[in-house]
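Input: a single structure, listed below in structure tokens.
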Amino acid sequence: MYLQGEVTHLPSKPSGWFRWRSHDYGNRITYSLTARPRPLDCAGSHPVLRRTVANVYLALPLLTLIAKGFGLTPGAAGVIATLTQVGYALGLFFLVSLGDVARRWRLVGALVAVTTVALVVAALSPGLWWLAAAAAVAGGFTVIPQILIPFTVHVVPAARHGRAIAAVQAGMMAGILLSRVIGGLLGEHYGWRSVYWVAAALTLVVGVIALFTLPREEKPTRVSYGRLIGSLFQLLRDHPALRWACLLQILIFGAFNLVWTSLVFLLTTAPFHYSVATAGLFGLFGLASVIAAPFVGRILDRHGPTPLIKSVLQS
């Protein structure tokens with residue numbers, strides 16, 4: 001949003017969520033009054049973040065229903081969850097870096113469009129491999145949270161980085177929890193296909209919201225895609241802390257998926273025999289992470305990540 005025109009006097013600090021931006025045209029300089037981005041609104045609490053991250057975990061509470069619907073064993077149905085995570089990993093590697101060279105609001109819109117189509121294909125799938133392939137594509141293009149995290153860091157003052165990232169993480173966890181709870185309830189009463197139909201509709205809606213509400217950015221730097229991907233390995237080589245962070249995330253993410261993927265089979269079979277809806281409600285135990293996120297963010301801003309990571313690992 002710009003209120004542009006030539007001015008003779010500029011206040012040093014515009015009030016509210018605005019700032020002056022200069023434009024040098026050689027023989028004259030003009031100024032535009034630009035709305036400041038509100039990062040916690042546009043990223044941490046943005047509905048596109050919560051809705052899209054849920055797509056990676058849609059199948060988890062539905063695996064029992066999918067196995068029964070296709071006449072499969074639980075182990076065979078588990079390939080859906082596996083390929084979704086494989087697609088997610090490929091998307092993180094090949095797509096997230098595009099946030100550095102493309103306008104993020106356009107990139108988010110494109111990712112949402114492909115994800116919506118993949119979810120529709122999943123809802124119409126006639127068999128296991130159609131569903132697994134569609135879920136893998138949906139997972140691969142559901143990398144919007146990882147694109148919004150660096151965007152949040154870019155627009156937030158350094159003193160608030162921890163709180164901003166915590167808001168994004170809280171939004172991600174809320175999406176993951178809601179996908180389990182709501183997915184289990186819908187699947188139990190209306191069948192597993194209904195979950196994908198609802199997910200496709202909601203993803204499309206929040207994609208439209210994103211196109212109109214995410215802040216517009218300046219034209220990004222032009223870098224070839226091959227050079228962009230190659231820089232990832234250079235970063236790993238030059239920064240030992242990054243290598244440790246990657247290893248830590250591999251272990252945490254692997255343990256997370258191991259528990260939540262197997263939990264639905266454990267709870268819906270002997271000796272528990274819970275319904276899919278009841279098994280999905282176990283996702284509410286993860287609310288602790290959503291509640292803790294703001295407090296963790298404040299600790300990060302005050303003391304940095306290292307003391308917090310050490311205390312968590314020691315406990």
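Listed values, structure above:
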read-out	value
Exclusive hit being over 29 Å from Val79 (Cα atoms) and touching a helix residue (DSSP H, G or I) at 6+ places or on another chain (Cβ under 9 Å), set Ile149, Ile182, Ile144	Ile149
Scan of segment 233-286 for residues that are touching a residue at least 12 places away in the same chain (Cβ under 8 Å), out of contact with any Phe, Trp or Tyr (no Cβ under 8 Å at 6 or more places or on another chain), farther than 24 Å from Phe94 by Cα and among the hydrophobic types (A, V, I, L, M, F, W, C), ordered by number	Val264, Phe265, Val276, Ala277, Ala279, Leu281, Phe282, Leu284
Unmet criterion (only one of (1) more than 29 Å from Gly139 (Cβ to Cβ); (2) in contact with a His (Cβ under 9 Å, 6 or more places away or on another chain)) for Ile299	(2)
The one condition in (1) surrounded by 15 or more Cβ atoms within 10 Å (Cβ to Cβ); (2) free of Cβ contacts under 8 Å to residues at least 24 places away in the same chain that Val195 fails to fulfil	(2)
Helices (runs of 4 or more DSSP H) wholly inside segment 221-315 that include at least 3 residues being of a type in the set (Val, Ile, Thr)	240-268, 287-303, 305-314
Enumeration of residues in segment 198-223 that are closer than 23 Å to Thr142 by Cα and exposed (fewer than 11 other Cβ atoms within 10 Å of the Cβ)	Phe212
Residue in segment 208-216 that is at pLDDT 80 or above, part of a loop (DSSP other than H, G, I, E, B) and not aliphatic (A, V, I, L, M) present	no
Check on Leu211, touching a residue at least 60 places away in the same chain (Cβ under 8 Å) and within 19 Å of Pro145 (Cα to Cα)	yes
Residue, modelled with the lowest pLDDT, within segment 250-275, restricted to residues that are surrounded by 12 or more Cβ atoms within 10 Å (Cβ to Cβ) and of a type in the set (Phe, Trp, Tyr)	Trp260
Segment 241-279, residues that are small (Gly, Ala, Ser) and within 17 Å of Lys68 (Cα to Cα)	Ser262, Ala270, Ser275, Ala277, Ala279
Ala81 buried (at least 19 other Cβ atoms within 10 Å of the Cβ), at pLDDT 95 or above and small (Gly, Ala, Ser)	no
Segment 285-301, residues that are exposed (fewer than 11 other Cβ atoms within 10 Å of the Cβ) and over 18 Å from Gly171 (Cβ atoms)	Phe285
Given (1) at pLDDT below 80; (2) within 28 Å of Val117 (Cα to Cα), index of the condition Pro305 fails	(2)
Meets criteria (touching a helix residue (DSSP H, G or I) at 6+ places or on another chain (Cβ under 9 Å), without any contact (Cβ under 8 Å) to a residue 12 or more places away in the chain and in the same structural domain as Thr213 (by TED's automatic domain parsing)) for Thr73	yes
Near pairs, Cβ below 8 angstrom, 6+ apart or cross-chain, from segment 123-136 (surrounded by 18 or more Cβ atoms within 10 Å (Cβ to Cβ)) to any residue that is assigned to a loop (DSSP other than H, G, I, E, B)	Leu128/Leu72; Leu131/Ser125; Ala134/Ser125; Ala135/Leu58; Ala135/Ala59
Unique residue being aliphatic (A, V, I, L, M), touching a Gly at 6+ places or on another chain (Cβ under 6 Å) and in the same structural domain as Thr152 (by TED's automatic domain parsing) when the list is Ala255, Ala277	Ala277
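The values are calculated or read from the model by the stated rules, or taken from the named source; none is laboratory data. Please read these numbers as outputs of a predicted model, since none were measured by experiment. Backbone-built Cβ (ideal geometry, glycine too); neighbour counts: all protein chains shown.
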